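Encoded as structure tokens, the structure appears first; notes follow it.
Read the figures in this text as sums done on the coordinates, not as results from a lab. Since this is a predicted model, take the numbers as computed values, not measurements. Every residue, glycine as well, gets a Cβ built from its backbone with ideal geometry; the counts of neighbours run over all protein chains shown.
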Amino acid sequence: MPIYALVLTSPPLRPSLSDFAVSRAFSVIPEALRRGQRWLSHNEAWEAEFVTNEVKAGADLRADVGFALKGLTLDINIVTAEPQLRRNKLLVADMESTIIQQECLDELADFVGLREKIAGITARAMAGELDFDAAIKERVGLLAGLDVSALQEVYDKRVTLMPGAETLIATMKANGATCALVSGGFDFFAEKIRDRLGFHSSQANRLDVAGGKLTGRVVEPILGREAKLAAFEGYKKQHGLTRALTMATGDGANDLAMIKAAGLGVAFRAKPVVAAEADASITYGDLTSLLFLQGYAKDEFVVG
């Protein structure tokens, strides 16, 4: 029978797991299906392996464990534990609100006094309420005339890495994975984050500039939902990988196609529409949770 892992993760700075909690979670798994359990990081991450042929068993178990541990700040996920499939060989990651903590367009909006308006459009686009291409054109249009120096200022003073980003990329690379950054944001930022963290490659949109100022246009073609999916499929084909050995992660509706195409699609601090359809969802943990999902113990992490 296929082998699965129930993985519990909690915020590293506020770990909420205990021996009692994991014992209770383990007891929810039918005894005949249990294979074993272990701490991946004491009080922070734990997993239990089990076997089943039932398609719905994972969803039902996740719900039952959630009920048993109600009130604890943790993420509950069920992933494959087949040894040959557990550790992914390709990671394709969104950048904004995933690898970095900001939405760069929203930060740029401060320079023209339109943060509230542009951030509102961003939120609706990421939630899937607006067409991504139309939304990015509208937002960039509002920045027409902004001096290009604002891009560097945003990067220097406002862009911060998501906790766990450096360790996630360093650990996966050390274990032979290809890491690609695919962003609906802009190449000015994506290329800097790519080089800073050591991603193998990056793809992103490009702002049109003339005379040292933004023209208010995005250079076509726009990298949106379908382009992200195409990029993901391209990387998979380029490296000769099966779907099962791939991972994609992001937070917005424009990430959903690539997340659903991956062997392990992870909604990271994502909008509800994304979390509802992804294989796994991380709401409380940092990006090292993606390593725990792959069965890495904390003492195997490579610090970036």
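Each semi-axis of the equivalent ellipsoid for the range 65-203 is √(5λ) with λ an eigenvalue of the Cα gyration tensor; in descending order they amount to 31, 21, 14 Å. Assuming a viscosity of 1.567 mPa s and a temperature of 4 °C, what translational diffusion coefficient in µm² per second does Stokes-Einstein assign to the range 1-86, Rh being the Kirkwood radius over Cα pairs? Roughly 100 µm²/s, to the nearest whole number. In Å, what Kirkwood hydrodynamic radius results for the range 171-270 from the alpha-carbon pair distances? Over the range 171-270, the inverse of the mean reciprocal pair distance is 14.4 Å.
How far, in degrees from 0 to 90, does helix 225-238 lean away from the longest principal axis of the Cα atoms of the chain, to the nearest 10? Long axis of 225-238 versus the principal axis of the chain: about 60 degrees.
Given in Å, the Rg to one decimal and the Dmax to the nearest whole number for the Cα atoms of the range 162-220 are 14.1, 45. Note: relative contact order over the chain, using C-alpha pairs below 8 Å and six or more positions apart, is 22 percent. Taking Cα centroids, how far is the range 167-227 from the range 77-112 in Å? Their Cα centres are 12 Å away from one another. Packing around the peptides 171-183, 8-20, taken as the average count of other Cβ atoms within 10 Å per residue, puts them in this order, highest first: 171-183, 8-20.
Relative contact order for the range 1-126: 29 percent, from Cα pairs under 8 Å spaced at least 6 residues apart, divided by residue count.
Within the set of other residues whose C-beta is less than 12 Å from the C-beta of I29, count the net charge using Lys and Arg as +1 and Asp and Glu as -1. That works out to -1. Each Lys and Arg Cβ is given +1 and each Asp and Glu Cβ -1; about its Cα centre, the chain then shows a dipole of about 400 debye.
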